[in-house]
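**Student:** Mind having a look at this structure? Questions to follow.
Readers should treat all values here as calculations from the given coordinates under stated rules, not as data from a laboratory. Please read all numbers here as calculations on a predicted model, not as lab measurements. Note that each Cβ is placed from the backbone with ideal geometry, even for glycine, and that neighbours are counted across all protein chains shown.
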Amino acid sequence: MTTIIKYTKNGKTEDDISELKLEHGIAWSDSFKLGNEPVDTQHKRLFELVSNLVSSCINGTETEHLQDTLDFLVEYTIKHFHDEETLQIQVHYPEYERHKQLHEDFKVSVGELLQRFAQNTSPTELSSDVNKIVVKWLVSHILQEDKKIGRHIHKMEKG
């Protein structure tokens, strides 16, 4: 069973997520596209990984499998951040340092989440934490921060 997170405001998906409502899971939409195929592909994969983790929590998957899924999500996120930061350097993105710090701050939050899970957090609590921390950050980061990179690249391509 696939579980989906809906990010809505007034019943519609919008870039303004100040009143983000999260349900279980997360769904990709073209509104998240930056226009850079490698980054968009990685973002889609992150959505899949987060959805699988939340679904596993809800479906009562064994703790060992949850830990493996969490570990893979963390490794993939770190790779994605590296790739995205490399792209920012290549295109001379003016907010690179600030953007990199946002990634570093998120890594700390995820590290704290991993520590809580290692201290016998239940799958239900993990699902709640993933929704509150990972999903909300991922959605807001892509819509508010990564979109700026896409606009910068588009501006550069237009000359």
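**Student:** Where in the range 58-101 are there GluC sites (Glu not before Pro) that are in a DSSP coil and have at most 12 other Cβ atoms within 10 angstrom of their Cβ?
**Tutor:** Of the GluC sites (Glu not before Pro), the ones in loops of the range 58-101 whose Cβ has at most 12 other Cβ atoms within 10 Å are E62.
**Student:** Continuing with the same structure: If R₀ is 25 angstrom, what is the calculated FRET efficiency for the pair I133 and A27, using the beta carbon separation as r and rounding to 0.05?
**Tutor:** That gives a FRET efficiency of 0.85.
**Student:** With a sphere of radius 13 Å drawn around the Cβ of T86, what net charge do the other residues whose Cβ falls strictly inside it have (Lys, Arg +1; Asp, Glu -1)?
**Tutor:** Its environment carries a net charge of -1.
**Student:** Taking the Cα-to-Cβ direction at E125 and at K155 and moving 7 Å from each Cα, how far apart do the two end points lie in nm?
**Tutor:** With each label point 7 Å from Cα toward Cβ, the separation is 4.5 nm.
**Student:** Using a Förster radius of 22 Å, what is the FRET efficiency between Q115 and F72 based on their Cβ-Cβ separation? Nearest 0.05, please.
**Tutor:** After rounding, the FRET efficiency stands at 0.80.
**Student:** Here's something else I'd like to know. Is any residue of the range 110-147 close enough, with backbone N under 13 Å, to a label point placed 7 angstrom from the Cα of E104 along the Cα-Cβ axis, and if so, which?
**Tutor:** Of the residues in the range 110-147, none has backbone N under 13 Å from the label point off E104.
**Student:** If I model a spin label at Q90 and K148 as a point 7 Å from the Cα along the Cα→Cβ vector, what separation in nanometres do I get?
**Tutor:** The answer from the label model is 2.1 nm.
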